[in-house]
Amino acid sequence: MTDPLLAGLRERIERYRETGDGAAVLDNEVELELAALLGPNEGFNPESYHVGGMVHWLRYRAGSTSGRDLTEAARLLALVHDHGRGYEIPGPLRLILECRRAG
């Protein structure tokens, strides 16, 4: 079940990046897709966490009024960053995550 969810969410990320259309990441279905991808029985999958974190980040950037999107983006991408696999992390979050280790 994870592969179709990942593919659909990746497509939303690309659509947002190409067009800047916030609807690609802000519609109500995205929340359901994220819940299915990152549900409590799914365990840690760095690819899923990265895609989930990026969708939350883009929702925040697209004007989501939920503070939850920024919090979830930071939480998920921190786990991916700490896993050490070279995934893309948005600059502002990368800076914060790297500063955690310096302190």
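Let's see how each residue does on (1) β-branched (Val, Ile, Thr); (2) outside any helix (DSSP H, G or I); (3) open to solvent by less than 30 Å² (accessible area, probe 1.4 Å):
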residue	(1), (2), (3)
17	no, no, no
29	no, no, no
32	no, no, no
35	no, no, no
41	no, yes, no
49	no, no, no
58	no, no, yes
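Okay, residues lined up against (1) in contact (Cβ under 8 Å) with a residue 12 or more places away in the chain; (2) not aliphatic (A, V, I, L, M):
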| residue | (1), (2) |
| --- | --- |
| 15 | no, yes |
| 19 | no, yes |
| 46 | yes, yes |
| 52 | yes, yes |
| 62 | yes, no |
| 66 | no, yes |
| 72 | yes, yes |
| 76 | yes, no |
>> Please determine whether any residue of region 69-87 is of a type in the set (Val, Ile, Thr), surrounded by 12 or more Cβ atoms within 10 Å (Cβ to Cβ), touching a helix residue (DSSP H, G or I) at 6+ places or on another chain (Cβ under 6 Å) and in a loop (DSSP other than H, G, I, E, B).
In response: no
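The values are calculated or read from the model by the stated rules, or taken from the named source; none is laboratory data. All figures in this text were calculated on a predicted structure; none of them were measured in a lab. Counting neighbours? That spans all protein chains shown, and the Cβs are built from the backbone with ideal geometry, glycine included. Each accessible area value is taken on the protein alone, full model and side chains, heavy atoms only, with ligands, DNA and RNA left out. Shrake-Rupley method; radii C 1.70, N 1.55, O 1.52, S 1.80 Å.
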